[in-house]
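Undergrad: Following this message is one structure expressed as structure tokens.
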Amino acid sequence: MAEDKLGPLRRKIDEIDDRILELLNERARVVIEVGHAKAGEQKEFYVPSREQAIYRRLSEKNSGPFPAEAIRSVYREIISACLSLEEPMKVAFLGPQATFTHVAAMQQFGLSARLVPLKSISAVFEEVQRGRAHYGVVPVENSNEGIVSHTLDMFMGSDLKVIAEILLEISHDLLSRSGRLEEVRKVVSHPQALAQCRRWLEENLPEVPLVDVASTALAAQMATEDESAAAIASEMAASFYGLKVVKAKIADNPNNFTRFLVVGRTTPERSGKDKTSIMFSVKDEPGILYRMLEPFSKRQINLSKIESRPLKSKAWEYIFFLDLEGHVADPAVAEAIAELQSYCQFLKVLGSYPKARP
Ligand SMILES: O=C(O)C(=O)C[C@]1(C(=O)O)C=C[C@@H](O)C=C1
């Protein structure tokens, strides 16, 4: 495009950016007021349901040509920055840096939150429990590998609430210093990531040994120190550790999602599109498995997940984890849970939170 055409168009963009900047500051000033109002009423600063409602409303309203998929990422950062003016958020996550849990935490809280990597799921729970972090992010299940039992076990001895869920599409990339396939002499990664890429590895690197390490991020770090090693890790690990992508998306099944939970100390308000997680143990009686699901089926409450875990204090007794659609503040959900409770030795509501969209 000729310079004389480009100049006026860029001046137009500058003017629009000035207006956007003014509006961002106007928005920030209103959010500061919201923060003062909330502090007076002792309300939570972070409201995932409100954030979801904002994303949903704007995505539906957007008539283009600004890409609909970009609305969430742009607003994620606007809201994250505005929230940091109300109260800077500290969020603990299962580290190290550049793991998929880190990616999930960034997707949920944006760049203005302080994200703190911790060594274990129990350390994340403890950090939140003791009030040293506002929230914690931990993985709970993968669409191919099933549940992360350690996360479910943590709820047995913790009063933390699930305040949000995050669904993240897992994309495994092969990363190395040179970025050249012919230079790869070994492949390092977390055993689950290696397993999920087995077919691709057999076809493309059949002679190359596979080495298990504790996390995909640690694998990426090792690849920075050894040029003959390639790591299977996230795209974020490539930029974080300065590695090149040998091949992107090498997982055998491209349909690979991990669900993460955000834990906090209070239950969020109803958003209208919520899920509730409960855990309970039932008396050992004939027909009990049938009866524990009946309160939900007769009220047409959709169950999205049921898991059982051994009750460690007693052999062959189990704790059930159930996810259902709706909020504990919905009368039908509250009634169903109360009815189930009458068959239970123990029941705990882990939280009601907005249902995530991938
Ligand atoms: O509406 C609120 O409660 C706000 O605090 C404002 C705001 C926003 O920027 O829009 C900021 C943080 C919350 O998590 C949700 C929304």
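Derivation of every value follows stated rules applied to the coordinates shown; laboratory data play no part. Worth saying up front: this structure is predicted, and the values here are computed from it rather than measured. With ideal geometry, Cβ positions are generated from the backbone for all residues, glycine too; neighbour counts draw on all protein chains shown.
Undergrad: Using the Cα gyration tensor of region 89-169, with a ≥ b ≥ c the square roots of its eigenvalues, what is the shape: rounded (a/c below 1.5), prolate (a/b larger than b/c) or oblate (neither)? The partial results should precede the final answer.
TA: Numbers: a/c = 1.63, a/b = 1.05, b/c = 1.56.
Verdict is oblate for region 89-169.
Undergrad: Can you list the lysines whose alpha carbon is less than 19 Å from that of Lys244, not counting same-chain residues fewer than 8 positions off?
TA: Lys186
Undergrad: Which one of Gln192, Pro254, Val140 is farthest out on the positive end of the charge dipole of the chain, using unit charges on Cβ (Lys, Arg +1; Asp, Glu -1) and the Cα centre as origin?
TA: It is Val140.
Undergrad: A further question on this structure: Any chance you could check the Cα centroid distance between region 318-355 and region 231-254 for me, in angstrom?
TA: 39
Undergrad: Okay, moving on. Could you tell me how far the Cα centroid of region 1-35 sits from the Cα centroid of region 109-156, in Å?
TA: Region 109-156 and region 1-35 have Cα centres separated by 38 Å.
Undergrad: Okay, next question. Run the helix sum for the chain: -39,500 (n - 2.57) per DSSP H stretch of 4+ residues, divided by residue count, reported at 222 nm to the nearest 500 deg cm²/dmol. Mind showing how you got there, number by number?
TA: Numbers: 12 runs with 150 residues, N = 358.
Dividing the helical sum by the residues of the chain leaves -13000 deg cm²/dmol.
Undergrad: What is the calculated FRET efficiency for Leu85 to Ser120, with r their C-beta to C-beta distance and R₀ = 25 Å, to the nearest 0.05? Before the final figure, lay out the partial values.
TA: Numbers: r = 32 Å, r/R0 = 1.29.
Rounded to the nearest 0.05, the efficiency is 0.20.
Undergrad: Classify the chain: rounded, prolate or oblate, from the alpha-carbon gyration tensor (a ≥ b ≥ c, eigenvalue square roots; a/c under 1.5 rounded; otherwise prolate if a/b is larger than b/c)?
TA: Working: a/c = 2.00, a/b = 1.15, b/c = 1.74.
Because a/c hits 1.5 or more and a/b fails to exceed b/c, the chain counts as oblate.
Undergrad: Something else now. Can you tell me the dipole magnitude for region 1-156 around its Cα centre, using point charges on the Cβ only (Lys, Arg +1; Asp, Glu -1), in Debye to the nearest 20?
TA: Details: 20 positive and 22 negative charges, 23 e Å.
Result for region 1-156 is approximately 120 debye, rounded to the nearest 20.
Undergrad: For the pairs Lys275/Lys312; Lys5/Lys249; Lys43/Lys273; Lys90/Lys348; Lys12/Lys43; Lys38/Lys348, note any where the Cα-Cα span goes beyond 32 Å. Don't skip to the answer; put the middle values down first.
TA: On the way: Lys275/Lys312 27 Å; Lys5/Lys249 41 Å; Lys43/Lys273 21 Å; Lys90/Lys348 27 Å; Lys12/Lys43 42 Å; Lys38/Lys348 28 Å.
Over 32 Å Cα-Cα: Lys5/Lys249; Lys12/Lys43.
Undergrad: For the peptides 6-14, 52-60, what is the packing order when you average, over each peptide's residues, the other Cβ atoms within 10 Å and list the highest mean first? Mind dumping the intermediate values first?
TA: Details: 6-14: 9.9, 52-60: 14.9.
Ranking, from highest mean packing down: 52-60, 6-14.
Undergrad: Contour minus end-to-end for Lys283 and Arg130, with contour as 0.36 nm per residue of separation and end-to-end as the Cα-Cα distance?
TA: Details: separation 153, 0.36 × 153 = 55.08 nm, distance 3.34 nm.
Taking Lys283 through Arg130 to full extension adds about 51.7 nm, to one decimal.
Undergrad: Here's another thing I want to ask about it. To make sure I understand, if each residue's beta carbon is the centre and we count other beta carbons within 10 Å, what order do Leu210, Leu94 fall in, fewest to most? Show your work: numbers first, answer last.
TA: On the way: Leu210 16, Leu94 27.
Fewest-to-most Cβ neighbours within 10 Å comes out as Leu210, Leu94.
Undergrad: Rounded if a/c is under 1.5, else prolate if a/b beats b/c, else oblate: with a ≥ b ≥ c from the C-alpha gyration tensor eigenvalues square-rooted, which is region 288-330?
TA: Working: a/c = 2.89, a/b = 1.96, b/c = 1.48.
Prolate shape, in that a/c is at least 1.5 and a/b is the bigger ratio.
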